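Colleague: Mind having a look at this structure? Questions to follow.
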Amino acid sequence: MHLTALSQLLLSQAAPAAPAAAPLAKAETTLGHPTFAAIGFFFLIVAVTLVITYFAAKKTRTSSEFYAAGRSVSALQNGFALAGDYMSAASFLGISGMVALKGYDGMIYATGWLVGWPALMFLIAEPLRNIGKFTFADVVASRLRQKPVRIASAVGGILTVLFYTIAQMVGSGALIQLMFGLKYEVAEMIVGAVMLAYVLFGGMLATTWVQIVKAVLLLIGVSFLTVLVLAKFGFNPGNLYSAVVNGAPNGLKYGQAALEPGGLVSNPIEAVSLGLALMFGLLGLPHILMRFYTVPDAKAARKSVLYATGLVGYFYLIIPIVGFGAAALIPGGRGFIASIDKGGNMASPLLAEQLAGAGFLGFIAAVAFATILAVVAGLTLAGASAYSHDIYVSVIKKGRASEDEQVRVAKIATVVFGVFAVGLGILFKGQNVAFMVGLAFAIAASANFPALLLSVVWKRFTTNGAVASIIVGALVSVVMILLSPTVWGEVFHHLGPDGKPVGIIPFKNPAIFSMAAAFLVGWVVSLLAPEESAQRAFETEKIRTYLGVGAE
């Protein structure tokens with residue numbers, strides 16, 4: 001989802017590392033020129049999802065139905081929806097592009113984004129479902145003073161969601177611009193309008209089913225693409241890797257370095273920091289965490305994570321094959337891929353066109369668009385609920401708000417958040433998509449995860465400790481990234497004597513520092529000012545946490 005430094009490095013390069021041989025042929029592509037297939041698949045997928053929204057709207061009346069689909073989603077359905085939420089543009093387009101351009105190290109992201117799921121299942125899923133109601137702030141604030149904790153949690157949650165949303169909006173605008181030749185700003189408005197329709201009228205139920213449909217389509221598309229690639233190499237991945245090293249069908253030879261680590265990260269501290277962000281950022285993403293409130297009970301929550309882990313694991317197992325296949329099979333290889341999009345994000349669509357024609361390109365591009373659209377819908381719902389539930393209902397109204405009022409405020413917040421998302425998507429045009437995703441993961445791992453975990457497992461955790469942990473985690477992660485070579489150097493163009501980007505802080509991945517700071521501050525502040533009421537409430541909460549007594 002940080003990754004920040006590595007993703008910035010990947011996307012900031014106008015051309016990938018020079019291949020060992022010059023391209024033998026120049027690829028032809030319809031990207032940038034509207035085709036009947038692309039337009040057809042695009043409108044078909046949008047039509048299907050809007051039909052889903054229409055029927056979901058009939059069942060969305062109360063706040064529970066709007067935020068949590070009435071807690072009526074089965075474990076299997078929620079597993080697909082979780083996988084759909086997680087397999088974003090960064091996963092589908094980003095990882096395949098990284099592998100295509102950078103080789104082995106592109107798989108760091110696939111591995112890192114996967115290994116957080118067991119931790120989510122064993123540490124967070126059950127307590128979250130049993131203690132909370134609509135947002136993760138419910139869990140953090142359950143035995144602490146509500147007002148300060150909810151305000152801090154909402155800040156951390158909205159920051160995470162906002163930066164994640166910017167990345168998806170920029171990606172969607174670029175994709176629609178390439179597919180249909182529309183202006184970027186028009187593409188952003190189209191995405192915003194369709195996304196708002198999902199959330200405003202269908203709430204969580206519509207968002208859930210859109211995610212399920214998108215997950216199925218994405219898995220089918222990537223599976224078919226993988227089969228097409230392997231068919232070129234006798235269904236033996238070893239032959240594919242050998243071709244990448246020694247001489248691919250497109251006439252290029254990338255050498256042994258393509259299959260060896262070190263292309264993206266070599267500093268041990270950076271590597272550990274990246275791993276922490278990739279793994280624990282998942283456990284602090286609001287739009288993922290709120291999915292556990294859609295299932296009937298904690299058992300279903302755990303099972304849904306199990307299903308999602310299998311689906312996501314399968315996806316991340318095959319997506320590197322697509323990346324290596326793109327480098328080996330597309331005429332012009334890395335050079336041509338980077339000429340279309342310098343970050344390599346169009347590697348999968350280009351490969352689809354190369355292997356199965358413009359029709360399959362249209363399908364893959366439409367699925368990529370659906371992927372972005374569904375994730376943005378989930379993020380918008382998470383952002384709106386952070387304000388409407390945590391700030392308006394719980395802090396301003398002190399819990400005394402009618403069902404109609406809660407839903408109305410949630411929808412107003414949805415519109416405001418959607419307008420901001422479109423505006424920021426336009427403002428950040430051309431910026432590094434993976435970098436923005438990385439920033440979201442860094443904030444999630446630093447601001448949200450430490451406070452969430454400590455509130456569940458540590459009896460002496462206090463209100464002041466929670467607020468300090470969230471604020472310090474958010475501030476340290478954001479400030480470190482702003483002052484890193486990634487932003488200070490590459491975005492603000494501060495270069496060293498050697499012409500390379502430099503930062504006030506030399507580290508590009510802040511998670512190892514910001515996450516540690518959040519845990520340390522939460523621990524120290526809690527010990528300095530004990531809170532007896534929070535300790536007493538912990539014993540009562542334990543019963544609800546592990547037995548589900550009193551859970552909604």
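Colleague: Output the residues belonging to the range 141-190 that are under 17 Å from the mean Cα position of the chain (by Cα) and among the polar types (S, T, N, Q).
Modeller: Thr160, Thr165, Gln168, Ser172 - these are the residues of the range 141-190 that are under 17 Å from the mean Cα position of the chain (by Cα) and among the polar types (S, T, N, Q).
Colleague: In the range 467-483, which residues are within 16 Å of Ala529 (Cβ to Cβ) and not in a helix (DSSP H, G or I)?
Modeller: none
Colleague: Filtering the range 484-502 down to residues that are under 26 Å from the mean Cα position of the chain (by Cα) and part of a loop (DSSP other than H, G, I, E, B), which residue is surrounded by the fewest Cβ atoms within 10 Å (Cβ to Cβ)?
Modeller: Going through the qualifying residues, I end up with Phe492.
Colleague: Residues that are under 18 Å from the mean Cα position of the chain (by Cα), at pLDDT 85 or above and farther than 25 Å from Ala193 by Cβ: does the range 448-460 have at least one?
Modeller: yes
Colleague: Among the numbered conditions (1) over 13 Å from Thr30 (Cβ atoms); (2) buried (at least 24 other Cβ atoms within 10 Å of the Cβ); (3) over 14 Å from the mean Cα position of the chain (by Cα), tell me where Asp341 comes up short.
Modeller: In the conditions (1) over 13 Å from Thr30 (Cβ atoms); (2) buried (at least 24 other Cβ atoms within 10 Å of the Cβ); (3) over 14 Å from the mean Cα position of the chain (by Cα), Asp341 misses (2) alone.
Colleague: If you don't mind, another one. List the residue pairs whose Cβ atoms are under 8 Å apart, where the first residue sits in the range 67-92 and is more than 19 Å from Lys133 (Cα to Cα) and surrounded by fewer than 24 Cβ atoms within 10 Å (Cβ to Cβ), the second is at pLDDT 80 or above and of a type in the set (Lys, Arg), and the two are 6 or more positions apart or on different chains.
Modeller: As it stands, the answer is Leu76/Lys303, since those pairs meet every condition given.
Colleague: Within the range 525-533, is there a residue that is farther than 30 Å from Arg129 by Cβ and in a loop (DSSP other than H, G, I, E, B)?
Modeller: Yes: the range 525-533 contains one or more residues that are farther than 30 Å from Arg129 by Cβ and in a loop (DSSP other than H, G, I, E, B).
Colleague: While we're on this one: Go through (1) buried (at least 24 other Cβ atoms within 10 Å of the Cβ); (2) at pLDDT 85 or above and name the single condition Met189 misses.
Modeller: For Met189, the exception is condition (1).
Colleague: Sticking with this structure for a sec: Does the range 29-51 hold any residues that are under 15 Å from Val210 (Cα atoms) and in contact with a Leu (Cβ under 9 Å, 6 or more places away or on another chain), and which are they?
Modeller: Hits for the range 29-51 are Ile45, Val46, Thr49.
Colleague: I want to confirm something. Restricting to the range 141-195 and keeping residues that are among the hydroxyl-bearing types (Ser, Thr, Tyr) and part of a helix (DSSP H, G or I), which single residue is farthest from Ser514 (Cα to Cα)?
Modeller: Filtering the range 141-195 for residues that are among the hydroxyl-bearing types (Ser, Thr, Tyr) and part of a helix (DSSP H, G or I), the one farthest from Ser514 (Cα to Cα) comes out as Tyr184.
Colleague: Identify the residue in the range 132-142 that is surrounded by fewer than 24 Cβ atoms within 10 Å (Cβ to Cβ) and in contact with a helix residue (DSSP H, G or I) (Cβ under 6 Å, 6 or more places away or on another chain) and, among all such residues, is farthest from Ala298 (Cα to Cα).
Modeller: So, considering only residues that are surrounded by fewer than 24 Cβ atoms within 10 Å (Cβ to Cβ) and in contact with a helix residue (DSSP H, G or I) (Cβ under 6 Å, 6 or more places away or on another chain), the one farthest from Ala298 (Cα to Cα) is Ser142.
Each row is one residue, and each column tells you yes or no for (1) of a type in the set (Val, Ile, Thr); (2) in a helix (DSSP H, G or I); (3) closer than 14 Å to Ala248 by Cβ; (4) touching a strand residue (DSSP E or B) at 6+ places or on another chain (Cβ under 7 Å).
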| position | (1), (2), (3), (4) |
| --- | --- |
| Ala301 | no, yes, no, no |
| Val305 | yes, yes, no, no |
| Phe315 | no, yes, no, no |
| Ile318 | yes, yes, no, no |
| Ala326 | no, yes, yes, no |
| Gly344 | no, no, no, no |
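Colleague: What helices (runs of 4 or more DSSP H) completely inside the range 1-102 contain at least 1 residues that are modelled with pLDDT of 70 or more and out of contact with any Pro (no Cβ under 9 Å at 6 or more places or on another chain)?
Modeller: 36-57, 63-68, 75-86, 95-102
Colleague: Does any residue in the range 222-246 that is loosely packed, with under 15 Cβ neighbours inside 10 Å come within less than 7 Å, Cβ to Cβ, of a residue that is not in a helix (DSSP H, G or I) six or more places away or on a different chain, and which pairs are these?
Modeller: Filtered contacts from the range 222-246: Asn239/Phe233; Asn246/Lys253.
Colleague: Filter the range 259-274 down to residues that are surrounded by fewer than 24 Cβ atoms within 10 Å (Cβ to Cβ) and either modelled with pLDDT of 85 or more or of a type in the set (Asp, Glu) (or both), then give me how many there are.
Modeller: Number of matching residues: 5.
Colleague: Right, another one. Please note which helices (runs of 4 or more DSSP H) are completely contained in the range 361-466 and include at least 1 residues that are under 22 Å from Val491 (Cβ atoms) and in contact with a helix residue (DSSP H, G or I) (Cβ under 9 Å, 6 or more places away or on another chain).
Modeller: 403-427, 433-443
The values are calculated or read from the model by the stated rules, or taken from the named source; none is laboratory data. Please read all numbers here as calculations on a predicted model, not as lab measurements. Note: ideal-geometry Cβ built from the backbone for every residue, glycine included; neighbour counts use all protein chains shown.
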